[in-house]
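The values are calculated or read from the model by the stated rules, or taken from the named source; none is laboratory data. Just so it is clear, the structure is predicted and the values come from calculations on it, not from any experiment. Here Cβ is always computed from backbone atoms with ideal geometry, including for glycine, and neighbour counts include all displayed protein chains.
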Amino acid sequence: MLPPNPRSDRAERVAPTWTGYVRGGVDDSGNERGAPDGVGDESAKERLDRELIELLNELRVVLPGVQVLFAFLLTIPFTGRFADLTDLQRDLYFATFCATMVSTGFLLAPTAYHRLRWRRFDKERMLRTSNRTAITGLVALALAVCGAVYLIGDLVFGSTGAAITTAAAAALIGTLWFALPLSREVDDG
């Protein structure tokens, strides 16, 4: 039988912030504790390596969805019903298409940055820049998803149904993608 792990009763957490990550957890008394980056069991190099891996893994999750949306939007002009779109619907389609393209660019930027700056020893700057581009890409993706929801809702149910559905989608995305993480930031501050 293995001896008990002395740290097994401590829940480790890593709280993302706009400027980096703050390590923390629960001490033996059950109280939350926090330590600045690089303090504790993790060196600054290990922290940077972990944060880079976390960022790239997060991008691996979101990029397939962006690619599917982009591919879907690429096919729409070639359908027979595209000619039936109103001017508003056509403008909304193009704005949604552009938002998806912008999202793709910003979400792929960390990968390009990493590849072009490989072994240049500026991982900290790369992570800060990549964090900003990923957040910008998520904002553009939220706009693209809401635009697609409105466009499809307008075609299927008319403008009233589309507006209601888009408001619900915007509330859901805004809450889960932005308000929830930022409210945690306020709690941690």
Selected residue [over 21 Å from residue 152 (Cα atoms) and either at pLDDT 90 or above or part of a helix (DSSP H, G or I) (or both)] from 61, 68: 61
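Rundown of residues vs (1) in contact with a helix residue (DSSP H, G or I) (Cβ under 7 Å, 6 or more places away or on another chain); (2) of a type in the set (A, V, I, L, M), yes/no style:
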residue: 50; (1), (2): no, no
residue: 53; (1), (2): no, yes
residue: 68; (1), (2): no, yes
residue: 76; (1), (2): yes, yes
residue: 94; (1), (2): no, no
residue: 100; (1), (2): yes, no
residue: 105; (1), (2): no, no
So residue 93 clears everything in (1) over 20 Å from residue 140 (Cβ atoms); (2) modelled with pLDDT of 95 or more except one condition, right? Which one? (1)
Out of (1) surrounded by 14 or more Cβ atoms within 10 Å (Cβ to Cβ); (2) under 20 Å from the mean Cα position of the chain (by Cα); (3) more than 24 Å from residue 44 (Cα to Cα), what's the single condition that is false for residue 154? (2)
From the option list 148, 167, 162, single residue qualifying as of a type in the set (A, V, I, L, M), touching a Gly at 6+ places or on another chain (Cβ under 6 Å) and within 26 Å of residue 74 (Cα to Cα) is 162
Using the structure shown, decide if residue 147 is without any contact (Cβ under 8 Å) to a residue 60 or more places away in the chain, surrounded by fewer than 19 Cβ atoms within 10 Å (Cβ to Cβ) and not aliphatic (A, V, I, L, M). no
Just checking, which of 136, 104 is surrounded by fewer than 17 Cβ atoms within 10 Å (Cβ to Cβ) and hydroxyl-bearing (Ser, Thr, Tyr)? 136
Where residues in the stretch 59-92 are within 28 Å of residue 132 (Cα to Cα) and surrounded by 15 or more Cβ atoms within 10 Å (Cβ to Cβ), which of them is farthest from the chain's Cα centre (by Cα)? 92
